[in-house]
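Notes for the one structure printed next.
The values are calculated or read from the model by the stated rules, or taken from the named source; none is laboratory data. Since the model is a prediction, treat every value here as computed from it, not as a measurement. Cβ placement follows ideal geometry from the backbone for every residue including glycine, while neighbour counts extend to all protein chains displayed. Heads up: the accessible areas ignore ligands, DNA and RNA and are worked out on the full protein's heavy atoms, side chains in. Shrake-Rupley method; radii C 1.70, N 1.55, O 1.52, S 1.80 Å.
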Amino acid sequence: MWCRRLACLFKVPCQPSGSARHRSPWLPRDRRTVLAAAAPRWHHTAPESLKCAWQLHGDHLELRYANTLMRFDFVWLRDHCRSASCYNAKTNQRSLDTASVDLGIKPKAVRVDETTLFLTWPDGHVTRYGLEWLVKNSYEGQKQQVMHPRILWNAEIYHQAQVPSTDEGLKEFLQNFLLYGIAFVENVAPTKEDTQILAERISLIRETIYGRMWYFTSDFSRGDTAYTKLALDRHTDTTYFQEPCGIQVFHCLKHEGTGGRTLLVDGFYAAEQVLRQAPDQFELLSKVPLKHEYVENVGGCHNHMIGVGPVLNVYPWNNELYLIRYNNYDRAVINTVPYDVVHRWYAAHRTLTAELRRPENELWVKLKPGKALFVDNWRVLHGREAFTGYRQLCGCYLTRDDVLNTARLLGLQA
């Protein structure tokens, strides 16, 4: 997975300086308390095989544990205290007033044993941290972790995986959806009402300018190319929202005609190829903000939506991609990019588009009554081929937070 491979680029060397000034003899197993005023030097709390050592600096604590070198600001260490007076374990909420912590605070004493860091503050308060907790929650530890495990795919990879459709088992459905960004559900009665019941099993339905549940035909009832019989190139939806909709549900209720296959492309897979071939272009696509716009004046529908953001959205600490905002139909005038950057942006956009349009990356599926499709709109682009005859779909958008909440409650990483 590209985001895991990226992590290695950010690893901090785990060995302290080799100078004699930084070396220190092993401390006895009964451990030693060291005052913050002591000169910076490495202290080992156990045999070297446990890989645990630490030293104090003027404004931070440096800790090496589990092959990770971590640096903790003293204010951070005081702010994240999990004692009963600082943190409510019943509500999982902070009780400590962060703004009340002295920005110049320093621990009066520090002690580390095989599993725990102990900090005594000037007022006598003692903070305890498990070393494993610190590895998991430190900045350096987060750089090496993946927020959302995924399997990136092109058409061949997806077909070889033989991902099953499901008609029961919410956990299995969500696991497939989280890994691949798409999931199919069989045996759904071909009505809007039954599709709504299914959608609400997964998450809350997000109400938008299109309503909650919508019918979708080629009657041009809305000011959008999707409401025609024309082919649609790959794109993500609602790029003109400040927060694009997270999940889209499609269910073909009826089609009396030809064509109309649905196109699916893993945008993260395409972005990985750009990262490998042209990392500077990947970075540009993740930094340059663009406007997307939806202007509608059809019938009684009057809307003017504007969303702003880069094409590729990444977590800054580990460069993991979490959202792609790609829709050439709805991209507004580029007036947020200076002239000396815009040409390079066009070149980067061309590179990404070429990857998205590679035939081997295209997964074509024929939607039919009884088979609902769920699409991660932050990851997977969709489109369709032109069609003839009468074709009716229904669907909705789901709130992303509630989908991920359900997955976490079922024990999945999301």
**Message:** Ignoring everything except DSSP H segments at least 4 long, calculate the 222 nm mean residue ellipticity for the chain; use -39,500 (n - 2.57) per segment, divide by total residues, nearest 500.
**Reply:** -7000 deg cm²/dmol
**Prompt:** Over the chain, what percent of the accessible surface lies on carbon and sulfur atoms, probe 1.4 Å?
**Reply:** 52
**Asked** Only one of the listed values, [x] 26.4, 82; [y] 28.0, 94; [z] 23.4, 79, was derived from the coordinates as Rg and Dmax of the Cα atoms in Å; which label is it?
**Response** [x]
**Message:** On a full-extension model of 0.36 nm per residue, what is the gain between ARG128 and THR166, subtracting their alpha-carbon distance, rounded to one decimal in nm?
**Reply:** 9.1 nm
**Request:** Measure off 7 Å from each Cα along the Cα-to-Cβ vector at SER83 and ASP113, then give the distance between these two points in nanometres to one decimal.
**Result:** 1.8
**Complete:** Compactness check, segment 52-143: C-alpha Rg relative to the 2.2 N^0.38 Å globular estimate gives 1.04
**Request:** Would you mind pulling out the separation of the Cα centroids of segment 103-125 and segment 146-180, in Å?
**Result:** 45
**Asked** What per residue convex hull volume, in Å³, do the alpha-carbon atoms of segment 104-259 yield?
**Response** 240
**Request:** Can you tell me how much longer the chain between LYS366 and ASN137 gets when fully stretched, taken as 0.36 nm per residue apart minus their C-alpha distance, in nm with one decimal?
**Result:** 78.0 nm
**Request:** Just grab the label-to-label distance for TYR329 and GLN413, each label 7 Å out from Cα along the Cβ direction, in nm (one decimal).
**Result:** 3.6
**Message:** With every protein chain kept in place and ligands, DNA and RNA left out, what is the accessible area per residue of the chain? Probe 1.4 Å, answer in Å².
**Reply:** 48
**Request:** For the chain, set up a Gaussian network in which alpha carbons nearer than 10 Å are linked by springs, and say which option among THR388, THR98, THR258 fluctuates the most.
**Result:** THR98
**Message:** Suppose the chain between ASP280 and VAL295 were pulled fully straight at 0.36 nm per residue; how much longer would it get relative to their current alpha carbon spacing?
**Reply:** 2.1 nm
**Asked** Between TYR315 and TYR390, what is the FRET efficiency for a Förster distance of 41 Å, r being their Cβ-Cβ separation, to the nearest 0.05?
**Response** 0.40
**Asked** Got the relative contact order for the chain handy, in percent, Cα pairs under 8 Å and 6 or more residues apart?
**Response** 20
